[in-house]
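**Student:** Below are the structure tokens for one structure; questions will follow.
The values are calculated or read from the model by the stated rules, or taken from the named source; none is laboratory data. Computed from a prediction, not measured in an experiment: that's the story for all the values here. Every residue, glycine as well, gets a Cβ built from its backbone with ideal geometry; the counts of neighbours run over all protein chains shown. Accessible surface areas use protein heavy atoms only, side chains included; no ligands, DNA or RNA. Shrake-Rupley method; radii C 1.70, N 1.55, O 1.52, S 1.80 Å.
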Amino acid sequence: MTGGPVTLQLAIGGMHCAACVGRVEGALAGVEGVTGATVNLATERAAVRLAHPVPLERLRAALAAAGYRLREIEDARDAQAERERAAGLRVLRGRFLVAVVLGLPVVALGNFGMLPPLDAIPLPLQNRIQLALTIPVQLWAGWPFVRGAWIAVRRRSGDMNLLVGLGTLAAFTYSAVATLAPGALERAGHAPHVYFDTAVVIVALILLGRLLEARARAGASSAIRRLLELGARAARRVRGESFEEIPLDQVGAGDVLLVRPGEKVPVDGSVIEGRSTIDISMLTGEPLPVEVGPGDRVTGATLNQTGAFRMRAERLGADSMLMQIVRLVEEAQTGKAEAQKLADRVAAVFVPVVIAIAALTFGLWFALGPEPRLAHALLQAVAVLIIACPCSLGLATPTALMVGTGRGAELGVLIRGADVLEAAERVRVLVFDKTGTLTRGKPELVEVVAAPGVDPSRLLRLAAAVERLSEHPLAAAITRGAEARGIAVPAPDDFSTMPGRGAIAVVEGRAVALGTCALLAEQGVELGALEAVRSRLESEGRTVVAVAENGEPLGLLAVADTLKPDARDAVAALERDGYEVWMITGDNLRTAEAIASRTGIAKRHVLAEVLPEGKIEKVRALRGEGRGVAMVGDGINDAPALAAADLGIAMGGGTDVAIEASGITLVRGDLGGVVTALRLARRTMRVIRQNLFWAFVYNTLGIPIAAGLFYVVLRPGGPIGPLFGWEGTLNPMLASLAMALSSVSVVTSSLRLRSFR
């Protein structure tokens with residue numbers, strides 16, 4: 001492990017519920033050198049941030065002390081984790097069945113033992129039968145709670161296991177004493193009642209809640225599994241005139257692979273021979289296939305349809321598009337929203353407070369309650385401990401994030417994390433880059449206008465010579481235009497570029513300048529009669545490139561970049577949703593306004609002739625107005641502005657730099673994805689807040705009721721009694737049912753996001 005800050009990915013074994021997240025994070029954070037840890041419950045992975053190298057054994061020991069273990073990550077699909085999850089679910093189901101099968105006779109004896117035919121069994125024997133049946137329920141089926149409670153006490157921390165463990169053990173221990181030594185209680189003035197039914201029902205109901213939670217959580221985290229299942233399992237590597245079928249992990253960069261009709265493209269790469277159509281709905285969600293031929297890029301996990309082709313493997317393993325998508329989804333599911341961080345801080349002090357409330361409840365009922373006081377005091381204290389379990393608080397954000405980001409991945413929207421969702425919710429202004437974002441990004445040369453006395457072919461020949469070393473989309477359009485017209489393009493000398501303005505080079509001994517009209521004006525070049533032509537072209541939405549030779553104008557080149565077909569609809573949808581839409585471009589104002597009018601963007605919201613470094617300042621200026629700003633772009637020159645905005649949205653067809661600088665990546669590259677991303681972000685945050693609200697409400701209302709708030713009314717000259725004639729107390733068994741249902745309701749609420757359209 002090298003020096004310096006680093007993030008380490010660990011696989012954690014033994015996690016089974018939301019309460020585990022806090023314990024694992026706390027255990028890892030307690031290791032010297034660890035600056036923080038974030039656990040993804042869906043994948044059972046932990047992202048551990050290190051200030052300096054930390055031996056793996058220290059992390060392993062910290063996890064073991066907390067009751068967990070460090071697993072080896074086998075591969076991207078982590079089959080071991082899947083096996084362990086399945087085994088854990090089987091054990092959980094077994095514990096629940098044992099609790100139910102043994103618990104039913106206990107409930108029958110505890111509640112109907114005085115009725116025929118059970119009344120034929122003497123009461124002491126009934127109690128001993130209940131004790132014998134409850135022991136395996138308490139100490140095997142309920143062992144995770146007992147063990148978790150002991151670990152929490154040993155670590156001086158609190159969680160739901162501590163509350164459940166204390167509650168069930170209190171009921172079980174009191175009942176065991178009443179069964180084995182009833183005389184001791186009678187001599188102390190207390191009736192030897194037993195509450196084995198309370199212990200077994202609590203264990204059974206909480207296990208049921210965990211079972212339902214685990215199954216729902218499996219559905220919530222299914223997006224990653226579905227993504228991983230999309231990939232191919234094998235590839236056909238070409239060896240001379242034959243081929244061999246090999247596992248995917250044996251494919252190396254540069255290998256030539258054969259892809260037949262009906263097969264999945266095994267890895268990312270490029271076609272070197274043959275033509276076909278490929279179903280790329282895995283990436284785009286669109287049903288229409290695309291044609292590919294030599295030189296075209298293909299993506300692993302997409303489906304080859306009509307023809308066979310050979311391809312060269314390029315991006316493998318973690319570098320592939322599929323695994324990058326999986327990584328982004330996993331990172332997003334690991335994050336925590338600010339609201340959840342508040343819930344975590346509350347939960348940190350919640351358990352000690354609950355234990356204190358339970359102790360106070362016991363004391364008040366024992367001192368002032370009705371007879372039998374000890375029994376009433378014990379039951380109400382147990383009810384407080386059980387109903388207060390903060391499991392629903394722990395599930396509120398992770399489950400919504402799992403479902404929301406997973407659903408986004410299925411729709412081609414990759415969201416990096418909870419902080420991105422919150423930023424998206426604050427956005428009120430959207431700034432679109434023009435080229436490659438609102439437009440297709442593949443402009444074509446549509447008109448060549450030479451100055452009087454200049455041969456148009458010579459004009460295009462010199463311009464293409466300057467542009468052949470440039471990677472700008474306009475440069476590519478000009479060089480393609482020259483090639484299409486059969487013009488031989490010479491190599492330039494002394495090439496230099498001015499980002500956002502143009503380029504200068506020496507071609508065949510003559511200085512040729514090419515770029516914006518403003519650039520040529522700075523060099524003292526006047527367009528003269530070409531000025532009227534420039535105005536016409538720009539009014540038609542063309543991008544005009546001026547060319548000069550040795551300070552004299554040679555002519556103008558008109559380049560047109562067509563709008564994306566969904567641009568106008570996307571802008572209209574965003575404005576209906578209440579967003580203010582802007583366009584930013586390095587193009588001249590007249591052309592920019594023409595493009596804006598075709599997309600429905602108001603002229604006052606057009607920022608034209610903005611150099612790459614100026615985009616940041618424009619974005620910062622809009623942010624300075626106090627509104628959330630999102631930048632949508634695709635190029636390297638957009639990356640700084642994407643990072644400077646409150647939210648960066650990168651088109652999936654853009655550069656890796658732009659994607660890395662963004663919080664949201666649109667895999668499809670279509671503008672409708674912007675609408676989808678923002679609506680999904682708002683919907684997910686709304687579900688998170690609803691989950692947290694109801695979780696807080698549940699505990700706020702449940703604890704006072706369990707403590708007997710509606711019962712505790714002092715009467716003149718007498719003990720406490722019912723309020724308005726209502727008993728106002730809560731049986732611990734009902735408390736455990738309510739606690740289990742609260743957790744399930746939070747997960748079910750999050751699962752609503754799976755139906756997002």
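**Student:** Considering each residue of the range 431-443, count those that are buried (at least 24 other Cβ atoms within 10 Å of the Cβ) and in a helix (DSSP H, G or I), and give that number.
**Tutor:** Going through the range 431-443 one residue at a time, the tally reaches 4.
**Student:** Just one of (1) at pLDDT 80 or above; (2) within 22 Å of residue 12 (Cα to Cα); (3) open to solvent by 50 Å² or more (accessible area, probe 1.4 Å) trips up residue 145, so point out which.
**Tutor:** Going through (1) at pLDDT 80 or above; (2) within 22 Å of residue 12 (Cα to Cα); (3) open to solvent by 50 Å² or more (accessible area, probe 1.4 Å) one by one, residue 145 breaks only (3).
**Student:** Then there's this: For the range 498-527, enumerate the residues that are loosely packed, with under 14 Cβ neighbours inside 10 Å and assigned to a helix (DSSP H, G or I).
**Tutor:** Residues satisfying the conditions are 518, 521, 522.
**Student:** What do you reckon, is residue 578 in a loop (DSSP other than H, G, I, E, B) and among the small types (Gly, Ala, Ser)? Before you say what the answer is, go through the steps one by one.
**Tutor:** Numbers: in a loop (DSSP other than H, G, I, E, B): yes; among the small types (Gly, Ala, Ser): yes.
Yes, satisfied.
**Student:** Looking for whichever is open to solvent by 30 Å² or more (accessible area, probe 1.4 Å) and touching a Leu at 6+ places or on another chain (Cβ under 9 Å) here; the options are 428, 416. Which one fits?
**Tutor:** On the way: 428 fails: touching a Leu at 6+ places or on another chain (Cβ under 9 Å).
The conditions single out 416.
**Student:** Please verify whether residue 557 is farther than 30 Å from residue 680 by Cβ, open to solvent by less than 60 Å² (accessible area, probe 1.4 Å), touching a Cys at 6+ places or on another chain (Cβ under 9 Å) and not polar (S, T, N, Q), treating the condition exactly as stated. Step through it out loud before you land on a result.
**Tutor:** Values: farther than 30 Å from residue 680 by Cβ: yes; open to solvent by less than 60 Å² (accessible area, probe 1.4 Å): yes; touching a Cys at 6+ places or on another chain (Cβ under 9 Å): no; not polar (S, T, N, Q): yes.
No; evaluated as a whole, the condition is false for this residue.
**Student:** Okay, moving on. Test residue 451 against the stated conditions and say whether it is over 21 Å from residue 486 (Cβ atoms) and either of a type outside the set (Ser, Thr, Tyr) or open to solvent by less than 30 Å² (accessible area, probe 1.4 Å) (or both).
**Tutor:** Values: over 21 Å from residue 486 (Cβ atoms): yes; either of a type outside the set (Ser, Thr, Tyr) or open to solvent by less than 30 Å² (accessible area, probe 1.4 Å) (or both): yes.
Spelling it out, residue 451 is indeed over 21 Å from residue 486 (Cβ atoms) and either of a type outside the set (Ser, Thr, Tyr) or open to solvent by less than 30 Å² (accessible area, probe 1.4 Å) (or both).
**Student:** Looking only at the range 552-560, decide whether some residue is in contact with a strand residue (DSSP E or B) (Cβ under 9 Å, 6 or more places away or on another chain) and either outside any strand (DSSP E or B) or of a type in the set (Lys, Arg) (or both). Write out each step before concluding.
**Tutor:** At the first step, the residues of the range 552-560 found to be in contact with a strand residue (DSSP E or B) (Cβ under 9 Å, 6 or more places away or on another chain) are 553-560.
After this cut, where a residue has to be either outside any strand (DSSP E or B) or of a type in the set (Lys, Arg) (or both) as well, the list is none.
Within the range 552-560 (the criterion being in contact with a strand residue (DSSP E or B) (Cβ under 9 Å, 6 or more places away or on another chain) and either outside any strand (DSSP E or B) or of a type in the set (Lys, Arg) (or both)), the answer is no, since none of the residues qualifies.
**Student:** Here's another thing I want to ask about it. Scanning the range 222-269 for residues that are more than 30 Å from residue 407 (Cβ to Cβ) and of a type in the set (Asp, Glu), which turns out modelled with the highest pLDDT?
**Tutor:** Filtering the range 222-269 for residues that are more than 30 Å from residue 407 (Cβ to Cβ) and of a type in the set (Asp, Glu), the one modelled with the highest pLDDT comes out as 255.
**Student:** Moving on to the next point. Quick one: in the range 298-327, which of the residues that are under 19 Å from residue 668 (Cβ atoms) and small (Gly, Ala, Ser) is modelled with the lowest pLDDT?
**Tutor:** Selected residue: 320.
**Student:** Among the residues of the range 622-657, which ones are modelled with pLDDT of 80 or more and open to solvent by 60 Å² or more (accessible area, probe 1.4 Å)?
**Tutor:** 623, 624, 625, 626, 627
**Student:** Does residue 300 qualify as being touching a residue at least 40 places away in the same chain (Cβ under 8 Å), more than 29 Å from the chain's Cα centre (by Cα) and open to solvent by less than 50 Å² (accessible area, probe 1.4 Å)?
**Tutor:** Values: touching a residue at least 40 places away in the same chain (Cβ under 8 Å): yes; more than 29 Å from the chain's Cα centre (by Cα): no; open to solvent by less than 50 Å² (accessible area, probe 1.4 Å): yes.
Against the criterion (touching a residue at least 40 places away in the same chain (Cβ under 8 Å), more than 29 Å from the chain's Cα centre (by Cα) and open to solvent by less than 50 Å² (accessible area, probe 1.4 Å)), residue 300 does not qualify.
**Student:** I've got another one for you. Strands (runs of 3 or more DSSP E) wholly in the range 24-134 with at least 3 residues that are at pLDDT 80 or above - which ones?
**Tutor:** On the way: elements: 34-40, 45-50, 69-71.
Output list reads 34-40, 45-50.
**Student:** Continuing with the same structure: Does residue 715 satisfy the condition of being open to solvent by 50 Å² or more (accessible area, probe 1.4 Å), farther than 30 Å from residue 302 by Cα and modelled with pLDDT of 85 or more? It would help to see each step written out before you state the result.
**Tutor:** Details: open to solvent by 50 Å² or more (accessible area, probe 1.4 Å): yes; farther than 30 Å from residue 302 by Cα: yes; modelled with pLDDT of 85 or more: no.
Against the criterion (open to solvent by 50 Å² or more (accessible area, probe 1.4 Å), farther than 30 Å from residue 302 by Cα and modelled with pLDDT of 85 or more), residue 715 does not qualify.
**Student:** Could you list, in sequence order, the residues of the range 572-621 that are of a type outside the set (A, V, I, L, M, F, W, C), surrounded by fewer than 16 Cβ atoms within 10 Å (Cβ to Cβ) and either more than 21 Å from residue 540 (Cβ to Cβ) or within 33 Å of the chain's Cα centre (by Cα) (or both)?
**Tutor:** Within the range 572-621, 575, 576, 577, 578, 600, 604, 613, 614, 617, 620 meet the criteria.
**Student:** From 486, 541, which residue is within 22 Å of residue 593 (Cα to Cα), part of a loop (DSSP other than H, G, I, E, B) and of a type in the set (Gly, Ala, Ser)?
**Tutor:** Details: 486 fails: within 22 Å of residue 593 (Cα to Cα).
Being within 22 Å of residue 593 (Cα to Cα), part of a loop (DSSP other than H, G, I, E, B) and of a type in the set (Gly, Ala, Ser) holds for just one of 486, 541, which is 541.
**Student:** Moving to a separate point now. Condition test on residue 533, is it in contact with a Pro (Cβ under 7 Å, 6 or more places away or on another chain), buried (at least 17 other Cβ atoms within 10 Å of the Cβ) and of a type outside the set (Asp, Glu)? Please lay out each step first, then the result.
**Tutor:** Details: in contact with a Pro (Cβ under 7 Å, 6 or more places away or on another chain): no; buried (at least 17 other Cβ atoms within 10 Å of the Cβ): yes; of a type outside the set (Asp, Glu): yes.
Judged against the criteria, residue 533 is not a match.
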